[in-house]
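Working notes, beginning with the structure itself.
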Amino acid sequence: MSIDNIETTRRLFKAVEERDVAGVLAAYDPSIVIRDAASLPYGGVHYGLKGAKQHIEGAAQTWNHLQPQAQRKMDAVFLNAGEYVVVLWRLKGLEVSSDRTLDLPVASVYKMRGGKIIESQMFYSDTVAIRQFLAGNI
């Protein structure tokens, strides 16, 4: 099952990079719980597929204009941890008008059941830098 878990998270990351909402939702169990930094515009705890869709839409509204195609690539590394998959990835952003950039490491932990993600939690290396970038202060 661990190989299936890795493949599910790979499909999730590909869908995120391609902005494929249906593909993202397909990786989640209907009872998904997503925990994201409350200090981010799309953060907090999101429950079920309805909450997941709200999380996706909030993240897209925040990042789409700051992530041209090259910045959407997350350079993910997938680590098998039994019923969990740990993913090390990069959060990137570019404000084209000013050439300001963001490139920070992130770790995410996904709890799996039946080949689907039932829990997702992101751990950002520097949420202050992310908020400053989003506010235009970097």
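Each value in this text was obtained by applying a stated rule to the coordinates, not by laboratory testing. Note that the coordinates shown come from a computational prediction; the quantities given were computed from them, not determined experimentally. Note that we place each Cβ from the backbone using ideal geometry, even for glycine, and neighbour counts take in every protein chain shown.
Amide hydrogen proximity for ILE117: with H placed 1.01 Å from N in the peptide plane, the residues at 5 or more positions away or on another chain lying under 5 Å are TYR28, ASP29.
Counting only DSSP H runs of at least 4 residues, each contributing -39500 (n - 2.57), and dividing by the residue count of the chain, the helix-based mean residue ellipticity at 222 nm comes to -11000 deg cm²/dmol. When each of VAL87, VAL45 is scored by the number of other beta-carbon atoms lying within 10 Å, the sequence from fewest to most is VAL45, VAL87.
Beta bridges per DSSP, both residues in segment 2-135: antiparallel share near 90 percent. Other residues with beta-carbon under 14 Å from the beta-carbon of ARG100 carry, at +1 per Lys or Arg and -1 per Asp or Glu, a net charge of -1. Model label sites at GLU83 and ALA107, defined 7 Å from Cα along the beta-carbon direction, differ in position by 2.0 nm. Using Cα-Cα distances under 8 Å and only pairs 6 or more residues apart, what relative contact order does segment 2-135 have, in percent? With pairs under 8 Å counted, the relative contact order is 26 percent.
Taking one quarter of the surface of the convex hull spanned by the alpha-carbon atoms of segment 2-135 gives a direction-averaged projected area of 7.1 nm².
Across all directions of projection, what mean area in square nanometres is found for the Cα convex hull of segment 1-74? List each step's numbers first, then the result.
Numbers: hull surface 20.4 nm².
For the Cα atoms of segment 1-74, the hull's average projected area reads 5.1 nm².
Working ranking of peptides 53-60, 75-82 by packing, defined as the average number of other Cβ atoms within 10 Å per residue, highest first, is 53-60, 75-82.
Fully extending the segment from ALA129 to GLU18, taken as 0.36 nm per residue of separation minus the present Cα-Cα distance, adds 37.5 nm.
Put the Cα centre of segment 101-138 next to the Cα centre of segment 1-74 and the gap is 10 Å.
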